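Structure first, then comments.
The values are calculated or read from the model by the stated rules, or taken from the named source; none is laboratory data. Values in this document were obtained by computation on a predicted structure and should not be read as measured data. Cβ placement follows ideal geometry from the backbone for every residue including glycine, while neighbour counts extend to all protein chains displayed.
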Amino acid sequence: MGARRWLYRPAVPNTAVLYGSLALFVSILHNVFLLYYVETFVSVYKIDKVSFWVGEAVFLIWNSFNDPLFGWLSDRAFLSSPQVGSQITSPEVVLKRLAALSRNGPLFALSFLGFWVAWARPSLQFLVCLCLYDGFLTAVDLNHNALLADLAVSAADRTRLNFHCSLFSAVGSLSVFLSYCFWDKEDLRSFRLFCVALAAVSALGFWAVSRLLRQRFESQLRPGTNDAAGLKELGIGHALPPQEQPVTIGQYLRQLSKHKNFMWFASMNLVQMCSLTQPHSPISLGQVFHCHFNSNFFPLFLEHLLSDNISASAGSLLLGVSYIAPHLNNLYFLTLCRRYGVYQVIRWLFMLKLGLSVAMLLAGADHIYLLCIFIASNRVFTEGTCKLLNLVISDLVDEDFVLNRRRQAASALLFGMVALVTKPGQTFAPLIGTWLLCFYTGYDIFERRPAQHALVGVGVAPEGGPQGAGPAPGTAPLRLGCFYMLVVVPIICALLQLTAWSRFTLHGRKLQGIKTQRQGAQHAPLADVKAI
């Protein structure tokens, strides 16, 4: 008998699992960054107020413009390919994005480590670290989010991809729960080792998963492979018709200015967010602002609202739950999206956030258990809405593809243009938050002394302190000021978001028509595509 040869072929996870796992390697670092970078520079490195505000202002400019810049560098080849020559296929687009992830992912993990060791003057380190970290984070996020629009067209497939992202993001949020055990602003040695371990896991994960995905899609470019069905299921693998003429950046911006739903979703929001008293409001910018406001000031709320009433272990549990629960709850939100649509679910979340905030405002700051539930639920519904917005932007990619008769959807570029007016919310959050805290309570987190013109606690002496010394941490005026910040910001954001969301029309039959035309464009000449 001849010897039987067994050929071992390792099982490769499907595309949705691999795509979702990339979110794990971002979330294990980014959640820790959001939670501790402000407190590290203010409380540990003792950065002065002017340097903090100047650094945040420079970061605001870089944070806003690097997204469209990187998006244009990534997608200009798809918009401006010459009429003759080799065509670009969807697998080639995916491979280009995966190559960018394999390069920028490990660099993103390395830039994360720069925050936790004092290697320069606080003002210089603050600026350099923020810009480097955000640059690599932008490169990772743009390519990862663009894959959501490139891998799938149908709402069901995109929801499935987003489902796995939420699942792995929930696992990644465990890093926040663990970080509370290592964090000690008096001695950062244990916390630094913890961050090194996180960065190593993230860098290796980006390299391994990107390599697996690239191997999966490179096989689709070779003739005679049998895996085409798996990619066809996600709408991948069709050659694209040649472009009629190159598209310049000026032409693209003019096209974008005529995209009404994009303008309502993003561009209008820049003007509206400049003043929180405007009659209309941001959808995504307000959401990004609210998400980062919650993250940046979560330790402050725990310290001044709950520290005297709950134990350190309970605080750690609340912190971990507030970061993990949004991702787990988002799995349920995605099942609702399959049934009712993303537009309707986001509208319900805005209304729920408004109702809970008003109820907490009426209940007051003395109901500790209600306060714990509200702090956790506030993050759950706010972060849940943020996660669903990527599905809306992917729908905008489809509409842009149809309206402008593109040869290839410029997904990374459109995500970058949306970020141009939404990313400032990440910078506004700590700036507005620290200003509100100082203005309403007289508590200056930079100098730990009262500020002029404080509305709460002016002339109120803390126990054992002189008259006019301002509120000390844990005193009633400071606690009340933190409470009003906690509940009033969600109320304002929800009211403004509901107003703007009612103007957005890309849902229902119109959205279904857009998706049908994009799917048909992959099988028909470009001239046969009709814009809606």
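Things worth noting here:
- Considering segment 115-203, the qualifying helices (runs of 4 or more DSSP H), each wholly inside and each with 3 or more residues that are under 15 Å from the mean Cα position of the chain (by Cα) and either hydrophobic (A, V, I, L, M, F, W, C) or surrounded by fewer than 19 Cβ atoms within 10 Å (Cβ to Cβ) (or both), run over 122-151, 155-172.
- Neighbours by Cβ (under 6 Å, 6+ apart or cross-chain): first from segment 31-44, closer than 22 Å to V321 by Cβ; second modelled with pLDDT of 85 or more and not aromatic (F, W, Y): V32/S175; V32/S179
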